[in-house]
Every structure is written in C-alpha cells, then in structure tokens.
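Novice: Just passing along the structure, written as structure tokens.
The values are calculated or read from the model by the stated rules, or taken from the named source; none is laboratory data. Remember, it's a predicted structure, so these values are computed and weren't measured experimentally. Here the Cβ positions follow ideal geometry from the backbone for every residue, glycine too, while neighbour counts run over all protein chains shown. Only protein heavy atoms, including side chains, enter the accessible area calculation; ligands, DNA and RNA are left aside. Shrake-Rupley method; radii C 1.70, N 1.55, O 1.52, S 1.80 Å.
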Amino acid sequence: MKIALIGAGPRNLAILGRLIFLADKTTYLDIDMYDRSPIGGRVWDPFLENNHTFLMNTAPNQVTLFDDFEMDDQELQIERPNLLSWAQTIAFDYLKDHPEYPSIYQDEVLSLVSSNDFASRGLFGIYAAWFFELLQSVSSSNININFYEDYVVDMEKGKKRFAIRTESGAERKYDRVVFAPGHIDNKPNEKQQNLINFANDKGLQYFPASHPAENNFENIDENNQVLIEGLGLSFFDVILSLTAGKGGVFITETDGSLTYHSSGHEPRIVAGSFNGLPPRAKGINQKEASQLYQPRFFTLENLKAKANLNMGHLPYDVFMKTLKMELTYKSLYNQIIQADFPIGTLRSKVAKFIEDPDNWPKINDTFDLNFDVEIDWDSKVFPAMNQTDASTYKEFVIQHIQSDIRSAELGNDWSPLTGAYDILRDVRDIVRTLYNDGYFTDSDYQLMLTSFKQFDNQLSAGPPLIRMRQLLALIEAGVIQIAGPGFKTGHNEQLFTASDSLHQHFEADVLIEARLSTIDFRIAKSSLVQSLVKKGLITSNDRLVNTNGDLVLAHTVKVDLDTLTVVDKDNHPVKGFFVSGIPLEGSRWFNTVIPRPYVHTLLFQESKLLVNELLSRKHKK
C-alpha cells in the first residue's frame with residue numbers, strides 16, 4: 001500500500017508513528033511524507049532565525065510525539081521521551097551529530113532544566129526530526145519511509161488511486177492520502193489588498209497576517225512608527241523581534257521583575273486589539289506531564305444528564321453555568337491552599353464545606369474569612385471594555401498586567417485565578433465530546449464558536465509568564481503603548497492610521513497584523529487547496545445554517561467526522577482521502593493542540609482513527 005502524508009507537522013508524524021508501531025509484518029507500506037518546510041512543519045522550522053527565540057506555549061514536560069497512552073506496551077520497546085526529558089538526555093549528542101542545526105540549540109538544551117523553562121519552537125522542530133529518524137531506524141523491512149521537502153501543488157483522483165504532482169515536477173500515485181497542512185496562508189481580502197496597494201504606492205511597510213517567525217523586520221528601526229494590530233500570541237513574537245531583536249536587553253531585578261534597556265534602534269510602537277488587552281499569562285507550571293484536573297461539577301456524566309432533561313441538547317447557558325461553577329470551586333479550593341490558617345483541622349473543614357455550592361455564600365461568615373466568592377468570570381475575559389478615559393488607560397493596563405503576573409506566579413495549579421483558568425485546558429476533551437457529538441442546538445453551536453471561544457482563548461490560551469513580564473517592562477520603558485479597546489486600522493492619504501474607543505488616533509509608516517491567517521480553505525493561497533476546490537474534491541461543511549440561511553461552517557472542509565474521510569461537492573465520500581487538523585476547526589472543537597504524554601489527547605485520537613482507516617484494506621507484499 002502506498003500512502004502520502006501531506007504535511008510534516010505533529011499530526012502526520014503521530015500517524016506515521018502509529019503506522020510504524022502497529023502495522024503487522026505482512027503489510028507492505030510505502031509511506032511518503034511531503035512538506036515545503038523541514039520535518040516538524042512550518043511553525044517549528046529550526047532554521048528560521050526567529051524560531052531560535054520564539055517560545056512554545058506549552059510546558060516542555062507536557063509535549064510529546066509518542067502515543068504512550070495506548071502504545072507503551074507494544075512489541076517495539078524504545079525510549080519514548082517527552083520534549084523536556086529528550087532535551088536533558090539525548091538532544092545534546094544528537095545536535096553534535098547534526099552540525100546543520102545552529103549551535104544556539106546546544107546552548108538551549110543545556111539550560112532547559114525544568115518544566116518552567118519553555119522550549120523554543122525550533123527545538124521542538126529538532127525533536128520532531130529526531131523522532132522521524134527514530135521511526136526510520138526501527139521500522140521493519142516491510143515499511144519504507146521517505147520525506148520529500150517539496151510542495152504538493154495538485155492531486156487527481158483516479159478510479160483506484162490518487163495522482164499527486166509537486167512543485168519540483170515529481171508525479172507519484174497513492175492508495176491513500178492524508179492532508180494535514182496546519183495553518184494555510186490566505187489570499188488577501190479586500191482591506192488587505194487595499195493596504196498592500198497603498199503601501200506599495202507610498203513606499204511604506206505592511207505585513208499582513210502570517211506566521212510570525214517568517215516576518216523580516218530588518219528594515220524597521222528607530223526611524224519608524226509601527227502599528228501592531230492584535231494582542232494575541234503572535235503579538236508577543238512581533239514585539240520580541242522589534243525590541244530584543246534590535247539589540248535591546250531585558251535585565252532581571254532582585255525582586256524577579258524585568259527592566260528593559262533600550263538599544264536605541266527600536267521603533268516607536270502602538271499596539272491594540274478589539275478587546276484592548278492580551279490574554280491571561282500561563283502560570284508557573286506545577287503540574288506533572290499527564291496531570292489533569294478532575295472536575296467535580298463539569299463532568300461528562302453530569303452534563304449528559306442535564307442534556308437528557310432537555311431532549312438530548314445541553315443549553316449553552318447551562319453549559320456555561322456549570323463551567324463557571326467548576327471555576328469558582330477551583331478558585332475557592334486554591335484560596336484555602338493559599339490562606340494562612342492556624343495549625344489544626346480548620347483547613348480541611350473549610351475544604352469539606354465548599355463541596356456543597358449552597359455553602360459558598362456562607363463561607364466567610366462561618367469561618368471568619370475574606371474569600372472572593374462571587375467571581376464574575378465574564379469580567380475576567382474583557383476587563384478593558386468599560387474603560388473610557390484615555391488619560392488613565394496606561395495605568396489601568398499596567399495594573400492589570402501586574403495583577404495577572406502576580407496571579408500567574410502563584411502557579412497553574414494553586415493560584416486562585418490562574419489555577420482556575422488552567423482547568424479550561426484540562427477539560428477540553430469534555431468540551432470536545434459535547435461539541436463533536438452534537439449536544440448543542442444550531443444556535444448554541446454559534447455561541448460556542450463565538451462567545452465561548454473568546455472566553456476560552458482569553459483565559460487559558462495566553463503566553464508564557466516571561467512574555468508578560470517582558471511586555472510590562474516594555475510598557476514601563478515607554479517602548480510600546482497599548483491602545484484602548486476597539487482598535488481599528490486603515491490609512492489616510494500618506495500614512496497608516498489607527499483609532500480606538502477612547503478616541504485616540506495614531507499614524508505610522510509600518511503596519512503589522514500580529515495574527516495567523518483566518519482559517520478558511522475557500523480563500524487559501526495553497527495551489528493544492530485551490531485545485532481540490534476546482535475539481536470538487538473538497539467542499540464546505542453544511543452542517544450548520546444560521547437564521548439568514550448562511551453556512552456557519554462554510555470555512556471548514558466537509559468530512560465524515562467518524563472517519564475523517566473527505567466528502568466531495570456531490571456529497572459522496574472520497575474513499576482513501578482524509579483531512580485532519582486545522583482545516584476542520586469548527587467542525588471539531590479546538591484542533592490546535594500539541595500532544596501531551598500519557599493523555600488520550602485529540603491528536604492521538606485522530607491518529608488512531610486514521611490509521612485504522614488507512615489499514616482497512618491491506619495490500620500484501
């Protein structure tokens with residue numbers, strides 16, 4: 001059997017690993033993997049200079065490519081290190097044997113000593129390359145693996161096989177094809193094309209949404225004024241390139257705070273977004289690699305029981321009420337941990353007392369405490385939206401970031417707020433099950449894709465703590481100004497412009513969109529995707545229709561969610577052709593995940609499903 005894996009990122013590597021470990025000796029497999037970037041894929045390319053310093057957003061002990069949840073007892077016995085243990089044991093010698101990688105990675109693995117030292121994205125790319133080489137070395141003689149650092153530009157479906165053509169002109173045929181491309185750049189929309197034309201006409205610099213590591217800011221210096229649109233994870237990459245990347249230095253003070261020493265070559269920066277603030281920082285890691293919070297109220301059993309009371313549907317307000325109850329319980333429990341109780345059994349009595357939510361309003365009077373009981377979780381999501389005074393906004397931002405840093409310093413397990421935010425990550429599989437298995441009405445699915453997505457992203461998908469400390473130092477040094485909420489960009493006759501809801505107006509000669517491209521295969525730049533659309537091999541998901549008759553999930557590729565088999569424009573399954581990952585965002589919940597050790601994470605669930613489908617009809621050698 002010939003299998004093509006298009007994309008060399010974590011998803012297809014997980015599929016490859018499962019194929020190698022589980023295929024029997026009578027099955028001949030010829031597996032070709034394609035990607036324009038090195039093994040690991042575009043996001044983790046270790047040869048991109050920015051990826052030497054851009055950080056992953058997950059603690060290194062919680063990152064793996066080995067599906068050790070189910071496959072630890074297979075016949076093939078090999079070491080299965082997570083990223084942290086690999087960096088501490090194998091990586092240095094591997095890097096010495098591979099001088100093609102920049103020497104900075106040798107320095108990194110020597111300093112990556114704990115689960116609180118976030119790894120660079122490039123180092124994960126090298127871990128992925130090592131994993132691929134390991135698979136090649138342990139695969140049996142009936143399995144042949146090839147990697148082509150080449151871009152697939154076209155695919156034809158024949159009567160029995162698929163024919164693909166690459167950018168280099170190679171043509172090959174396959175029995176099965178898995179397409180897992182990650183984030184794909186889009187063709188510019190109307191506003192972006194206008195900005196491109198304006199920048200070209202005026203000699204200005206405009207950087208549309210893209211992968212931040214691929215931006216080249218070499219021509220930006222102290223003579224430029226920069227507008228940055230977006231305060232999410234890409235924003236932190238951009239400001240690092242424009243500050244430390246220009247020679248500035250962050251100095252750690254005795255109290256652990258940072259001070260920024262300017263090089264004098266940084267541009268003047270104004271950044272903003274719709275909500276006016278970055279997402280909450282990740283807390284200091286206090287969790288083991290596979291440690292997941294075990295909910296008391298927000299359990300699958302409890303939520304399904306609530307759905308059964310409503311004809312099998314879980315109302316969105318019930319979903320959110322139950323989730324906020326769980327967040328409040330975790331916050332109260334952590335307040336008990338942080339409180340200074342006298343020696344004795346009082347702490348355990350209070351812990352027992354809060355097991356009943358009816359007791360929460362009485363906890364302070366009963367035990368003479370001052371706990372925060374009535375927490376408005378919605379106010380934690382967009383706290384800047386009620387700000388109206390531009391003159392006090394900088395101080396508001398500084399106080400907000402300082403508070404967020406103090407909370408994160410208490411840890412991702414024990415902090416009353418940050419520890420509560422972090423359980424949103426731990427219960428994602430519960431959310432996925434409810435979302436993927438149809439427990440919401442069409443209108444509530446739209447709320448999940450808007451309101452809950454914002455709630456989840458702002459509270460649990462923020463940057464490492466070090467990045468928030470750096471941002472605070474840059475604001476205090478006057479290098480960057482955070483604009484108010486409602487940040488909008490455009491241009492006048494000469495320069496790029498921005499404004500916010502505080503009636504502030506800004507001009508600049510550089511505009512940077514600090515975000516990835518919108519997930520929408522219909523406007524993708526990819527020639528392969530365009531070819532598949534033109535041939536009718538992929539089409540929009542028509543599962544949800546809003547009140548206006550529009551397809552809510554039109555941006556996602558239609559597949560059979562039970563098998564991930566592509567469904568064509570005539571609503572027929574394209575047997576042997578599968579799509580996984582980012583192109584399904586919205587059809588499935590929160591696909592942007594990195595696999596975690598000893599946890600049945602989404603990526604490994606998908607790889608199990610896909611490998612079962614790939615091997616469903618075996619070709620004997």
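Novice: Residues that are open to solvent by less than 50 Å² (accessible area, probe 1.4 Å), under 22 Å from Ser451 (Cβ atoms) and in a loop (DSSP other than H, G, I, E, B): does segment 314-336 have at least one?
Specialist: Within segment 314-336, one or more residues are open to solvent by less than 50 Å² (accessible area, probe 1.4 Å), under 22 Å from Ser451 (Cβ atoms) and in a loop (DSSP other than H, G, I, E, B).
Novice: Cβ-Cβ distance below 7 Å, separation of 6 or more or different chains: which pairs start in segment 355-376 with a residue that is of a type in the set (Gly, Ala, Ser) and end on one that is modelled with pLDDT under 95 and surrounded by 10 or more Cβ atoms within 10 Å (Cβ to Cβ)?
Specialist: As it stands, the answer is none, since no pair meets every condition given.
Novice: Looking at segment 193-215, which of the residues that are without any contact (Cβ under 8 Å) to a residue 40 or more places away in the chain and touching a Phe, Trp or Tyr at 6+ places or on another chain (Cβ under 9 Å) is nearest to Lys575 (Cα to Cα)?
Specialist: Ile196
Novice: Could you please find all residues in segment 217-251 being farther than 18 Å from Leu48 by Cα, free of Cβ contacts under 8 Å to residues at least 60 places away in the same chain and not small (Gly, Ala, Ser)?
Specialist: Hits for segment 217-251 are Asp221, Glu222, Asn223, Val249, Ile251.
Novice: Then there is this: Need a quick list: strands (runs of 3 or more DSSP E) entirely within segment 499-580 having at least 1 residues that are open to solvent by less than 10 Å² (accessible area, probe 1.4 Å) and over 30 Å from Gly484 (Cα atoms).
Specialist: On the way: elements: 505-508, 510-513, 565-567, 573-579.
Because the criterion is at least 1 residues that are open to solvent by less than 10 Å² (accessible area, probe 1.4 Å) and over 30 Å from Gly484 (Cα atoms), the strands (runs of 3 or more DSSP E) in segment 499-580 that meet it are 565-567, 573-579.
Listed here are the residues, each with its yes/no results for (1) in contact (Cβ under 8 Å) with a residue 40 or more places away in the chain; (2) among the hydrophobic types (A, V, I, L, M, F, W, C); (3) in contact with an Asp or Glu (Cβ under 8 Å, 6 or more places away or on another chain).
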{"site": "Lys558", "(1), (2), (3)": "no, no, yes"}
{"site": "Thr563", "(1), (2), (3)": "yes, no, yes"}
{"site": "Asp568", "(1), (2), (3)": "no, no, no"}
{"site": "Asn571", "(1), (2), (3)": "no, no, no"}
{"site": "Phe578", "(1), (2), (3)": "yes, yes, yes"}
{"site": "Glu585", "(1), (2), (3)": "yes, no, no"}
{"site": "Ile594", "(1), (2), (3)": "yes, yes, no"}
{"site": "Tyr598", "(1), (2), (3)": "yes, no, yes"}
{"site": "Leu602", "(1), (2), (3)": "yes, yes, yes"}
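Novice: A further question on this structure: I'd like the residue in segment 1-50 that is basic (Lys, Arg), farther than 25 Å from Gln106 by Cβ and touching a helix residue (DSSP H, G or I) at 6+ places or on another chain (Cβ under 9 Å) and, out of all such residues, is least open to solvent (accessible area, probe 1.4 Å).
Specialist: The residue in question is Arg18.
Novice: If we keep just the residues of segment 348-401 that are under 25 Å from Gln454 (Cα atoms) and among the charged types (D, E, K, R), which is most open to solvent (accessible area, probe 1.4 Å)?
Specialist: Glu374
Novice: Based on this model, can you work out whether Asp93 counts as assigned to a strand (DSSP E or B), over 25 Å from Val593 (Cα atoms) and either more than 26 Å from the chain's Cα centre (by Cα) or modelled with pLDDT of 95 or more (or both)? First the steps, then the outcome.
Specialist: Working: assigned to a strand (DSSP E or B): no; over 25 Å from Val593 (Cα atoms): yes; either more than 26 Å from the chain's Cα centre (by Cα) or modelled with pLDDT of 95 or more (or both): yes.
So Asp93 does not fit the description; no.
Novice: Continuing with the same structure: Taking Ala129 as meeting all but one of (1) in contact with a helix residue (DSSP H, G or I) (Cβ under 7 Å, 6 or more places away or on another chain); (2) in a helix (DSSP H, G or I); (3) open to solvent by less than 30 Å² (accessible area, probe 1.4 Å); (4) not acidic (Asp, Glu), write down the number of the exception.
Specialist: (1)
Novice: Further question on the same structure: Which pairs have Cβ atoms under 7 Å, sit 6 or more apart or on different chains, and link a residue in segment 265-293 that is acidic (Asp, Glu) to one that is modelled with pLDDT of 95 or more and surrounded by 24 or more Cβ atoms within 10 Å (Cβ to Cβ)?
Specialist: Glu266/Leu242; Glu266/Thr243
Novice: A further question follows. Scan segment 581-612 residue by residue and report those that are assigned to a loop (DSSP other than H, G, I, E, B) and among the hydrophobic types (A, V, I, L, M, F, W, C).
Specialist: Correct list: Trp589, Phe590, Val593, Ile594, Val599.
Novice: Do we have Phe341 as in contact (Cβ under 8 Å) with a residue 24 or more places away in the chain, more than 25 Å from Ala477 (Cβ to Cβ) and among the aromatic types (Phe, Trp, Tyr) here?
Specialist: Spelling it out, it is not the case that Phe341 is in contact (Cβ under 8 Å) with a residue 24 or more places away in the chain, more than 25 Å from Ala477 (Cβ to Cβ) and among the aromatic types (Phe, Trp, Tyr).
Novice: Same structure again: Check Leu449 against each of (1) open to solvent by less than 20 Å² (accessible area, probe 1.4 Å); (2) under 20 Å from the mean Cα position of the chain (by Cα); (3) among the hydrophobic types (A, V, I, L, M, F, W, C) and name the one condition it does not meet.
Specialist: All conditions pass for Leu449, except number (1).
Novice: Could you grab me the full set of residues in segment 337-355 that are outside any helix (DSSP H, G or I) and farther than 23 Å from Leu417 by Cβ?
Specialist: Scanning segment 337-355 gives Pro342, Ile343, Gly344, Thr345.
Novice: Could you please find all residues in segment 168-192 being buried (at least 19 other Cβ atoms within 10 Å of the Cβ), in a loop (DSSP other than H, G, I, E, B) and of a type in the set (A, V, I, L, M, F, W, C)?
Specialist: So in segment 168-192, the residues buried (at least 19 other Cβ atoms within 10 Å of the Cβ) come out as 174, 176-184, 186.
Retained after the next criterion (residues that are in a loop (DSSP other than H, G, I, E, B)): 180-184.
Ala180, Ile184, listed by residue number.
Novice: Could you tell me which of the residues Ser141, Ser115, Ser137 is open to solvent by 20 Å² or more (accessible area, probe 1.4 Å), modelled with pLDDT under 95 and assigned to a helix (DSSP H, G or I)?
Specialist: None of the other options fit; the residue is Ser137.
Novice: Which fully enclosed strands (runs of 3 or more DSSP E) of segment 220-292 have 3 or more residues being within 27 Å of the chain's Cα centre (by Cα)?
Specialist: Working: elements: 225-229, 249-252, 258-261, 268-272.
Answer list for segment 220-292: 225-229, 268-272.
Novice: Could you say whether any residue in segment 402-420 is open to solvent by less than 30 Å² (accessible area, probe 1.4 Å) and under 30 Å from His503 (Cα atoms)? Quick ask: steps written out before the conclusion?
Specialist: Applying the first criterion (open to solvent by less than 30 Å² (accessible area, probe 1.4 Å)) to segment 402-420 yields 404-405, 407-408, 411-413, 415-416, 418-420.
Right, trim to under 30 Å from His503 (Cα atoms) and you get 404-405.
Within segment 402-420, one or more residues are open to solvent by less than 30 Å² (accessible area, probe 1.4 Å) and under 30 Å from His503 (Cα atoms).
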